[in-house]
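Colleague: My structure is below; once you've seen it, I'll send some questions.
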Amino acid sequence: MFLMIAAKTRLFVDHPLEKGQSVPLSRDQAHYLFGVMRLAEGDSVLVFNGSDGEWRAQVVEAGKRGGVLACVEQTAPQRNPPDLWLLFAPIKKARTDFIVEKAAEMGAARILPVQTEFTNAERIRRDRLQAHAIEAAEQCGGTFVPLVEDLQRLDKVLDTWPEDRALMFCDEMLAGEARALPNIKGPWAILIGPEGGFSKTERDQLRDMAHPVSLGPRILRADTAAVAALTLWQSKHGDWQS
Ligand code: SAH
């Protein structure tokens, strides 16, 4: 019984994975596996690196400050999410963490925090947010970890917007109106605004290039709106069917 539970421990490692490959562990990883999860030499753990699928690995060395795993067999192929980005304006810390965690679970491929005119946050801790995305992938059984980018200005991001990527502009002013997600195939991005909503200048810039979409009759908080928009997109264009 203990072994069954132990083999369910999933760990992201920044290391190539193939049969027989040994994987060195950082201090934090060793602490998690041997201190928290109480694994010992010979025990199994599932590992993934974001590109080589999921592997069962065995503990070869278990130390306080490090350790080594050995890859035994692949247990799941690499599975990448659809080509969907999430752009969102950072809000309070806990809610921003929530958005990143949910975006990783819901299958966003890239996460771009954007600074809008009415954004309160002036900086983010990119490494912290990336760690949240990794943790979410570890717990949801995913083999992919979305990259969290540094905070960028929304107007700058829109200035260099890739022509082939459709943009779903979640517009709170459309609450209650029938504005559905258009049926366009190919790469997409979702844009969620801050608590203060979008400014007139931002709306002007978005008008010609984005597809305004309503998320129903109620005005949602940004974190709820992010999950709702990801759900809507995934159910219409994403990987829920395959
Ligand atoms: N303070 C604003 C609301 C901002 S809600 C106001 O009262 O008007 C935060 C973000 O969530 C919005 O910028 C938008 O991107 C999204 N959002 C919330 N409710 C929405 C809805 N019903 N339709 C579309 N987008 C919505």
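Colleague: When a/c is below 1.5 the answer is rounded, else prolate if a/b is larger than b/c, else oblate, so apply that to the stretch 141-242 with a ≥ b ≥ c taken from the square roots of the Cα gyration tensor eigenvalues.
Modeller: Working: a/c = 1.39, a/b = 1.14, b/c = 1.22.
Rounded shape, in that the Cα axes give a/c under 1.5.
Colleague: Still on this structure, please answer the following. Against the longest alpha carbon principal axis of the chain, how many degrees, from 0 to 90 and to the nearest 10, is the axis of helix 222-237 turned?
Modeller: Between the helix axis and the principal axis of the chain, the angle is about 80 degrees.
Colleague: Cα gyration tensor of the stretch 190-240, axes a ≥ b ≥ c as square roots of the eigenvalues: rounded (a/c below 1.5), prolate (a/b > b/c) or oblate?
Modeller: On the way: a/c = 2.43, a/b = 1.41, b/c = 1.72.
Oblate shape, in that a/c is at least 1.5 and b/c is the bigger or equal ratio.
Colleague: Could I ask something else about it? For L151, which sequence-distant residues (separation of 5 or more, or a different chain) have an amide H within less than 5 Å of its own amide H, given hydrogens modelled in the peptide plane?
Modeller: I124
Colleague: Hey, rough spin-label estimate for K92 and K185, points 7 angstrom out along Cα→Cβ, what's it come to in nanometres?
Modeller: With each label point 7 Å from Cα toward Cβ, the separation is 4.4 nm.
Colleague: Using +1 on the beta carbon of Lys and Arg, -1 on that of Asp and Glu, and nothing else charged, what's the dipole of the chain about the Cα centre, debye to 20? Working shown, then result.
Modeller: On the way: 29 positive and 33 negative charges, 100 e Å.
Once rounded to the nearest 20, the dipole reads 480 debye.
Colleague: Lysines within cross-link reach of K92: Cα-Cα under 21 Å, excluding same-chain residues under 8 positions apart?
Modeller: K102
Colleague: Next up: What accessible area per residue comes out for the stretch 84-237, rounded to a whole number of Å², with a 1.4 Å probe? Please report the intermediate quantities before stating the final value.
Modeller: Values: 7340 Å² over 154 residues.
Heavy-atom SASA per residue in the stretch 84-237 reads 48 Å².
Colleague: OK, next. Binning at 5 Å from 0, report for the stretch 10-76 what percent of all alpha-carbon pair distances ends up in each bin.
Modeller: Histogramming the stretch 10-76 at 5 Å steps yields 4, 21, 34, 25, 13, 2 percent.
Colleague: Let me ask another. Sum up the charges of everything whose Cβ sits under 11 Å from the Cβ of P187, counting Lys and Arg as +1 and Asp and Glu as -1, but leave P187 out.
Modeller: Values: positive: R110, R165, K185; negative: D83, E163, D164.
Spelling it out: positives minus negatives among the neighbours equals 0.
Colleague: Compute the relative contact order of the stretch 10-76 as a whole-number percentage, counting only Cα pairs closer than 8 Å that sit 6 or more residues apart in sequence.
Modeller: Answer for the stretch 10-76 is 40 percent.
Colleague: Another question, then. I'd like the orientation of helix 93-106 relative to the chain: the angle between its Cα long axis and the longest Cα principal axis, in ° from 0 to 90, rounded to 10.
Modeller: That works out to roughly 80 degrees.
Colleague: Kindly sort I124, I111 by accessible area of their heavy atoms, largest first, with the probe set to 1.4 Å.
Modeller: From most accessible down to least: I124, I111.
Colleague: Among bridges DSSP assigns within the chain, what percent are antiparallel (round to 5)?
Modeller: 45
Colleague: Give the share of C-alpha pairs in each 10 angstrom bin for the chain, from 0 to the last occupied bin, in whole percents, shortest bins first.
Modeller: That works out to 7, 29, 29, 18, 12, 4, 0, in percent per bin.
Colleague: Let me ask you something else. Alpha carbon centre of the stretch 165-242 versus the stretch 123-146: separation in Å?
Modeller: Cα centroid to Cα centroid, the span is 23 Å.
Colleague: I want to check the label-to-label distance for K156 and T231. Put each point 7 Å from Cα in the C-beta direction and report it in nm to one decimal.
Modeller: Between K156 and T231, the simple spin-label model gives 3.4 nm.
Colleague: Counting only protein heavy atoms, what percent of the accessible surface of the chain is carbon or sulfur at a 1.4 Å probe?
Modeller: Percent of accessible area from carbon and sulfur atoms in the chain: 51.
Colleague: What order do M168, M106, M37, M173 take when sorted by accessible area (1.4 Å probe), most exposed first?
Modeller: Listed by decreasing accessible area, they come as M173, M37, M106, M168.
Colleague: Among all the aspartates and glutamates, which ones have a C-alpha under 14 Å from K64's C-alpha, if same-chain residues fewer than 8 places away are not counted?
Modeller: Of all the aspartates and glutamates, those that pass the test against K64 - Cα under 14 Å, at least 8 places apart if same chain - are D28, E41.
Colleague: For a quick protection proxy, order the peptides 125-132, 180-187 by their average other-Cβ count within 10 Å, most packed first.
Modeller: Highest-to-lowest ranking by the protection proxy: 125-132, 180-187.
The values are calculated or read from the model by the stated rules, or taken from the named source; none is laboratory data. Note that this is a predicted model, so its numbers are computed, not measured. All Cβ positions, glycine included, derive from the backbone under ideal geometry; neighbour counts span all protein chains shown. Ligands, DNA and RNA are stripped out before the accessible areas are found, and what is left, the full protein with its side chains, is counted by its heavy atoms. Shrake-Rupley method; radii C 1.70, N 1.55, O 1.52, S 1.80 Å.
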